[in-house]
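Chemist: Just dropping this structure here.
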Amino acid sequence: MDLVGNTPMIEITRALTLARGQRIFAKAEWANPGGSVKDRAAARMILEGERSGRLTKEKIILDATSGNTGIAYACIAAARGYRLRLCVPENISPERKSILAALGAEVIYTSGQDGSDGAILEARRRFESAPAKYFYPDQYGNDDNWRAHFHSTGPEIWKQTRGRITHFVATVGTGGTLMGAGRFLKKQNPAVRVIAVEPDSPFHGLEGMKHMAAAIVPKIYDLKFADETMYVSTEAAHESIRKVARTEGLLVGLSSGAALAAAESVANRIARDRKPAVIVTVFPDNADKYLTERFWKES
Amino acid sequence: MAATFLIPTVLRTHTGNRESVTIEGKTVGEALESLVKAHPGLKPHIMTEAGKLRSFVNVFVNEDDIRQKGNLKAPVKSGDEISIVPSIAGG
């Protein structure tokens, strides 16, 4: 647990053509022990479960996930001696399935046709049928999810930019990163603009992200919080990923690609007004779990 | 040859909330063409303007990924189930 957080911040320079005065930084969240940003929320939700007495050794930890939160839970459950049961859409990448199996998680696969909402409904159904049997953190509705970012990601960004951040750009799945870090940053400086990034269509290839207009909106996600929402196509995210790989030597994941594509648009827009900006985004994971995807072979 | 397309939940707004649509076609390409002709709202979600499958869209005939079966030329028999599988979303 001590290894979670305090991730490096990387400046993206070679992959983008930015106007003078525009700078883009990204938190390298794959540096967390479970390989993604989700370690932060999972660790806090489990620790708070223990502290409040709701999580005991007899309980099975149960939640719905599209992968990374599941991997984070699986690492923590293994290290702390808990049983773990995850509801996961069957169409997550094969690499994620292998990691969950290797960590000993019990996985219930739900229909790929129903996406992550199908997994959420299955987890709710199981919990409601036997509430005493489970500890159900419910990452989509648990305030400790966004609080993890209020107490770690947000303060790290503030410190690493020495308070010079002007824009915070974050992709949304549960909305935890955006809500938590966003609230902290706005508390330090109300002028910081918070920008949410969603897939441009409900049918997309951006694992971990949600098109809110066509999904179960997570309870912790306040649709009115962000100053604006940007929509990124799967193809634009792929393009950013290939660019970062080939010019920066960084292999980043799908939502990282979407985050960068959005950050770049923000920078270009601000440059038209001839204003300087320090834009910070979060790269939720790296490409380890997506190397079998076809988009690497496209131009 | 009538095959059945299973429509992902998030795209059912384009099929009048129908979970499945029966379509004629000898190949996946033909069946897809008929599908998007009958339900034009589906097209931009599944195909590029050039009429190719978008790169993250997976199509299965029964259990088989068409990319291993000749892609859009993959044969379709009467009674086959064709699924369009989205990448997943959300945490």
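Chemist: Take the conditions β-branched (Val, Ile, Thr) and within 13 Å of B:Val85 (Cα to Cα) and apply them to B:Ile66. Does it pass?
Modeler: Yes, satisfied.
Chemist: What pairs can you find where one residue is in the stretch B:44-61 and facing chain A (nearest Cβ under 7 Å) and of a type in the set (Ser, Thr, Tyr), the other is assigned to a loop (DSSP other than H, G, I, E, B) and surrounded by fewer than 17 Cβ atoms within 10 Å (Cβ to Cβ), and their Cβ atoms are less than 8 Å apart, with a gap of 6+ or different chains?
Modeler: Listed pairs, sorted by first residue: B:Ser55/A:Glu298.
Chemist: I need the full set of residues from the stretch A:184-221 which are in contact (Cβ under 8 Å) with a residue 40 or more places away in the chain and of a type in the set (Lys, Arg), in order please.
Modeler: If the condition is that a residue be in contact (Cβ under 8 Å) with a residue 40 or more places away in the chain and of a type in the set (Lys, Arg), then A:Lys210, A:Lys219 are the ones that fit.
Chemist: For B:Gly79, indicate whether it is away from every other protein chain (no Cβ under 13 Å), surrounded by fewer than 16 Cβ atoms within 10 Å (Cβ to Cβ) and either of a type in the set (Phe, Trp, Tyr) or at positive phi (or both).
Modeler: Yes, satisfied.
Chemist: For the stretch A:269-280, state whether one or more residues are part of a helix (DSSP H, G or I) and within 14 Å of chain B (Cβ to nearest Cβ).
Modeler: Within the stretch A:269-280 (the criterion being part of a helix (DSSP H, G or I) and within 14 Å of chain B (Cβ to nearest Cβ)), the answer is no, since none of the residues qualifies.
Chemist: Still on this structure, please answer the following. Could you give every pair whose Cβ atoms fall below 7 Å, whose first residue belongs to the stretch B:7-19 and is loosely packed, with under 13 Cβ neighbours inside 10 Å, and whose second residue is modelled with pLDDT of 90 or more and assigned to a loop (DSSP other than H, G, I, E, B), counting only separations of at least 6 or pairs across chains?
Modeler: What qualifies is B:Arg18/B:Ile7.
Chemist: What is the residue count in the stretch A:154-201 for residues that are within 14 Å of chain B (Cβ to nearest Cβ) and part of a loop (DSSP other than H, G, I, E, B)?
Modeler: Qualifying residue count for the region: 6.
Chemist: Now a separate question. Report whether or not A:Leu250 is within 22 Å of A:Arg193 (Cα to Cα), at pLDDT 95 or above, hydrophobic (A, V, I, L, M, F, W, C) and in a loop (DSSP other than H, G, I, E, B).
Modeler: no
Chemist: Return yes when A:His204 is at the interface with another protein chain (Cβ under 10 Å from one of its Cβ atoms), modelled with pLDDT under 95 and buried (at least 24 other Cβ atoms within 10 Å of the Cβ) and no when it is not.
Modeler: yes
Chemist: Look through A:Ile92, A:Ile108, A:Ile61 and report the one residue that is within 22 Å of A:Lys210 (Cβ to Cβ), surrounded by 24 or more Cβ atoms within 10 Å (Cβ to Cβ) and among the aliphatic types (A, V, I, L, M).
Modeler: Matching residue, one of A:Ile92, A:Ile108, A:Ile61: A:Ile92.
Chemist: List pairs: first in the stretch A:118-136 and under 14 Å from A:Gly49 (Cβ atoms), second part of a helix (DSSP H, G or I) and modelled with pLDDT of 95 or more, Cβ under 6 Å, 6+ apart or cross-chain?
Modeler: Partner pairs satisfying both residue conditions: A:Tyr134/A:Phe127; A:Phe135/A:Gly49; A:Tyr136/A:Phe127.
Chemist: So, one more: Please list, ordered by residue number, the strands (runs of 3 or more DSSP E) wholly in chain B having 3 or more residues that are out of contact with any Leu (no Cβ under 8 Å at 6 or more places or on another chain).
Modeler: B:2-6, B:58-61
Chemist: Here's something else I'd like to know. Can you tell me which residues in the stretch A:13-45 are more than 18 Å from A:Asp144 (Cα to Cα), over 14 Å from the mean Cα position of the chain (by Cα) and crowded, with 24+ Cβ neighbours inside 10 Å?
Modeler: The one that is more than 18 Å from A:Asp144 (Cα to Cα), over 14 Å from the mean Cα position of the chain (by Cα) and crowded, with 24+ Cβ neighbours inside 10 Å: A:Ile24.
Chemist: Among the residues of the stretch A:215-248 satisfying the criterion of being surrounded by fewer than 19 Cβ atoms within 10 Å (Cβ to Cβ) and among the hydroxyl-bearing types (Ser, Thr, Tyr), which is nearest to the other protein chains (Cβ to nearest Cβ)?
Modeler: The qualifying residue nearest to the other protein chains (Cβ to nearest Cβ) is A:Ser233.
Chemist: Can you go through A:Asp39, A:Asp63 and tell me which one is within 14 Å of chain B (Cβ to nearest Cβ), at pLDDT 95 or above and assigned to a helix (DSSP H, G or I)?
Modeler: None of the others qualify; the one that does is A:Asp39.
Chemist: Is it the case that some residue within the stretch A:112-119 is at positive phi and within 21 Å of the chain's Cα centre (by Cα)?
Modeler: Scanning the stretch A:112-119 turns up at least one residue that is at positive phi and within 21 Å of the chain's Cα centre (by Cα).
Chemist: So which of A:Ala236, A:Ala245, A:Ala259, A:Ala287 ends up being more than 19 Å from the chain's Cα centre (by Cα) and of a type in the set (A, V, I, L, M, F, W, C)?
Modeler: Unique residue meeting the criteria: A:Ala245.
Chemist: Given the residues B:Lys69, B:Lys73, which is the only one that is under 25 Å from A:Glu207 (Cβ atoms) and away from chain A (no Cβ under 11 Å)?
Modeler: When all the criteria are applied, what remains is B:Lys69.
The values are calculated or read from the model by the stated rules, or taken from the named source; none is laboratory data. What you see is a predicted model; the values in this text were computed from it and never measured. Don't worry about glycine lacking a Cβ; one is built from the backbone with ideal geometry, like all the others, and counts go over all protein chains shown.
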